[in-house]
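Single-structure report; data block below.
The values are calculated or read from the model by the stated rules, or taken from the named source; none is laboratory data. The model shown is predicted, which means the values in this text are computed figures rather than measured ones. Virtual Cβ from ideal backbone geometry, glycine too; neighbours counted across all protein chains shown. Just the protein is used for accessible areas: all its heavy atoms, side chains included, with ligands, DNA and RNA removed. Shrake-Rupley method; radii C 1.70, N 1.55, O 1.52, S 1.80 Å.
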Amino acid sequence: VLLRITVGVGPRGGSGRTTPCVWSLGLTHDGDIVTGDAEGNTQFWDGRNGTQLHAFKHHGASVLALAVSNARSRKVFASGIDSKIVCYERVDDEQRGYKWVYVGYKRPHSHDVRCLALINGSKNLISG
């Protein structure tokens, strides 16, 4: 199955705005797709039909790295040029079944973060 997901569209009329570049991709255990783009957005998409579920802008610059946890933990970490490591978590929601929410951030680096990885059953996050 091939899906085309457009992460942003510019205004009509050719004002010069382009679709942001996607720098990072992730896939959750239940098939949601996560993208991090050049405008600092982290977006969650339904992997079955490509519709946007949630969009967050917690970064001041490009999101270069994503780390997706296992099914029990249900967390996604995003980081990039602004050195923030942001955490999102999947929570139960009575109306939609579930939703992704912003949990918080830490800034342990003084430089951009280009990679994230979860180890030990998604208990430890490493970054660099």
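So the values come out like this:
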read-out	value
Qualifying residue in region 35-52 (condition: more than 11 Å from the chain's Cα centre (by Cα) and more than 19 Å from ILE5 (Cα to Cα))	no
Check on ALA78, open to solvent by less than 30 Å² (accessible area, probe 1.4 Å) and in a strand (DSSP E or B)	yes
Residue satisfying all of: in region 81-128; closer than 17 Å to ALA65 by Cβ and of a type in the set (Lys, Arg); least open to solvent (accessible area, probe 1.4 Å) among these	LYS84
Residues (in a loop (DSSP other than H, G, I, E, B), touching a residue at least 24 places away in the same chain (Cβ under 8 Å) and either of a type in the set (Ser, Thr, Tyr) or under 22 Å from ARG114 (Cα atoms) (or both)) located in region 33-59	ALA38, GLU39, GLY40, HIS58, HIS59
Residue list for region 1-47, filter: modelled with pLDDT of 90 or more and of a type in the set (D, E, K, R)	ASP32, ASP37, GLU39, ASP46
Search result, residues across region 81-112 that are assigned to a loop (DSSP other than H, G, I, E, B) and either in contact with an Asp or Glu (Cβ under 9 Å, 6 or more places away or on another chain) or within 13 Å of HIS54 (Cβ to Cβ) (or both)	ILE81, ASP82, SER83, ARG96, ARG107, ASP112
